[in-house]
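All remarks here apply to the structure that follows.
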Amino acid sequence: MAEDKGKTVGIIGGMGPQATLDLMQRIIKLTPALDDKDHIHYIVDNNPKIPSRIKAIIDGDGEDPGPILADMARNLAAHGADVLAIACNTAHYYYDTVQAAVDIPVIHMIDAVLDDIRKNRPDCKRVGILASPAIKITGIYEERFAPAHIEIIFPDAGFQQQLFDVIRGVKAGKQTDLLHPAYANVCRHLAQKGAAVAIVACTELSALNSTSELDTIDAAQVLAQKIVTIARENN
């Protein structure tokens, strides 16, 4: 009998490149492996030329990223991917466009985060969101969390801008030591607003890998674990 090599995962990345690399590293660390062959086969399209989600969603005057994301999905499927993942929270605004482009499943990161909360924090009814303003504008977390009766708490405007500056700093490759205090300040603010836990809902913030007094759920870590689980289902 031929050895079951598991599923090949296609990763739609580049939003940004460092965040995609961070996700890949998380997948490696989460994979139980004794040798090379035990690791997951994944195909990565780390494409930083995807039209800006910031300009399309926040500024409202940018090119629609949806068609490019759909093309990337089709290419990954054509190259042998059995399942796809999108290495960006905000890009899940275009999830339906991506899923409609292919006949293979696309993991929904926000659904995976919700499943994680239901499993590990069944009494959780209020969560803070650490993300770019695009997450609030699109309402993609509220859309998935409302049926579970979980309230979403966003930072107030000044703190949201402070967090957005941190995200831009990560994208620009700034020294992370200069970004940690601002991140911690926003976390304290969310705790004061009543959030007992917050979702790290931006892969740049995941790549920052900062800590705070506020309990957090990292969406990138949840996605990485979901990828490992699905890829190894038959192993």
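The values are calculated or read from the model by the stated rules, or taken from the named source; none is laboratory data. As the structure is a computational prediction, the values presented were derived from the model and not from experiment. Ideal geometry is used to build each Cβ from the backbone, glycine not excepted, and the neighbour counts take in all protein chains shown. Heads up: the accessible areas ignore ligands, DNA and RNA and are worked out on the full protein's heavy atoms, side chains in. Shrake-Rupley method; radii C 1.70, N 1.55, O 1.52, S 1.80 Å.
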| remark: The helix 66-78 Cα axis meets the longest alpha-carbon principal axis of the chain at an angle in degrees, between 0 and 90 and rounded to 10, of 30
| field | Student exercise, the range 47-175 dipole from Lys, Arg, Asp, Glu Cβ charges, in Debye to nearest 20 | value | 420
| field | Using alpha-carbon coordinates, inclination of helix 157-171 to the longest axis of the chain, degrees | value | 40
| Between R126 and E213, what is the spin-label point distance in nm, taking each point 7 Å from the Cα along the Cα→C-beta axis? | 1.7
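Determine the percent antiparallel among the DSSP beta bridges restricted to the chain, to the nearest 5.
Working: 0 of 20 bridges.
Approximately 0 percent, going by the DSSP bridge assignments.
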| said: Using protein chains only and a probe of 1.4 angstrom, how many square angstrom of H149 are accessible, to the nearest 10? | reply: 140
| How far, in nm, would the chain grow between E233 and H180 when pulled straight, counting 0.36 nm per residue and subtracting the alpha carbon separation? | 15.4 nm
| For the range 120-172, what is the relative contact order in percent, using Cα pairs closer than 8 Å and at least 6 residues apart in sequence? | 44
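Between I153 and R74, what's the calculated FRET efficiency when r is the beta-carbon distance and R0 is 35 Å? Round to 0.05. Before the final figure, lay out the partial values.
Numbers: r = 37 Å, r/R0 = 1.07.
The formula returns an efficiency of 0.40 here.
Highest mean first, what order results for 52-58, 22-28 on Cβ atoms within 10 Å?
Values: 52-58: 17.3, 22-28: 19.1.
Ranking, from highest mean packing down: 22-28, 52-58.
Which shape class, rounded, prolate or oblate, goes with the chain when its Cα gyration tensor gives a ≥ b ≥ c as root eigenvalues, a/c under 1.5 marks rounded, and past that a/b bigger than b/c marks prolate?
Cα axes put the chain in the prolate bin.
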| said: Using Cα-Cα distances under 8 Å and only pairs 6 or more residues apart, what relative contact order does the range 152-223 have, in percent? | reply: 31
| task | Work out the length of the dipole vector of the range 74-124 about its Cα centre, built from +1 on the beta-carbon of each Lys and Arg and -1 on the beta-carbon of each Asp and Glu, and round it to the nearest 20 debye. | result | 80
